[in-house]
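Chemist: First the structure, which I've put down as structure tokens, then a few questions once you've had a look.
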Amino acid sequence: MAQKSEGRKDDNGKLQWSLVPWDAMAEVVKVLMYGANKYGAQNWKQVPNGLSRYGDALLRHVIAYTQGNEKDLESGLPELAHIATNALFLLWVLGKL
């Protein structure tokens, strides 16, 4: 009887999506949904001067968080989720994704 050999999968160098904390990403999706309801889905891609405007938005949320605000006053969603969302927008604007 032939021995079974171990299976093979060439995934070295490929993205390991299992490393993403999906429960935390759900908060980012809530921020994206809030923005989609307010401005329209994918509107964030059309904003002129995205680098400076999303950078400013990120800093506003960082400052609010460091001043003790855990939740954004307008959306009621976590400031950290707004920070992460704006960081993702900046990565997109810079063409890193």
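The values are calculated or read from the model by the stated rules, or taken from the named source; none is laboratory data. Predicted model, so just to flag it, every value in this text is computed and none were measured. Backbone-built Cβ (ideal geometry, glycine too); neighbour counts: all protein chains shown. In case anyone asks, the SASA skips ligands and DNA or RNA and just uses the protein heavy atoms, side chains included. Shrake-Rupley method; radii C 1.70, N 1.55, O 1.52, S 1.80 Å.
Chemist: Anything in the range 54-82 that is open to solvent by 80 Å² or more (accessible area, probe 1.4 Å), among the aliphatic types (A, V, I, L, M) and assigned to a loop (DSSP other than H, G, I, E, B)? List them, or say none.
Modeler: Leu73, the sole residue that qualifies.
Chemist: Six or more apart or on different chains, Cβ under 9 Å: which pairs go from a residue in the range 30-52 that's touching a residue at least 12 places away in the same chain (Cβ under 8 Å) and charged (D, E, K, R) to one that's open to solvent by 90 Å² or more (accessible area, probe 1.4 Å) and outside any loop (DSSP other than H, G, I, E, B)? Could you list them?
Modeler: Pairs found: Lys45/Trp92.
Chemist: In the range 88-97, which residue that is assigned to a helix (DSSP H, G or I) and touching a helix residue (DSSP H, G or I) at 6+ places or on another chain (Cβ under 6 Å) is most open to solvent (accessible area, probe 1.4 Å)?
Modeler: Within the range 88-97, the match that is most open to solvent (accessible area, probe 1.4 Å) is Val93.
Chemist: Moving to a separate point now. Would you pick out the residues in the range 19-42 that are open to solvent by 100 Å² or more (accessible area, probe 1.4 Å) and hydroxyl-bearing (Ser, Thr, Tyr)?
Modeler: Tyr39 - this is the single residue of the range 19-42 that is open to solvent by 100 Å² or more (accessible area, probe 1.4 Å) and hydroxyl-bearing (Ser, Thr, Tyr).
Chemist: Hey, among Leu51, Leu32, which residue is assigned to a helix (DSSP H, G or I), under 23 Å from Pro78 (Cβ atoms) and in contact with a helix residue (DSSP H, G or I) (Cβ under 9 Å, 6 or more places away or on another chain)?
Modeler: The match here is Leu32.
Chemist: So for the range 2-18 (the condition being open to solvent by 100 Å² or more (accessible area, probe 1.4 Å), within 21 Å of Leu73 (Cβ to Cβ), among the hydrophobic types (A, V, I, L, M, F, W, C) and not in a loop (DSSP other than H, G, I, E, B)), does at least one residue qualify?
Modeler: no
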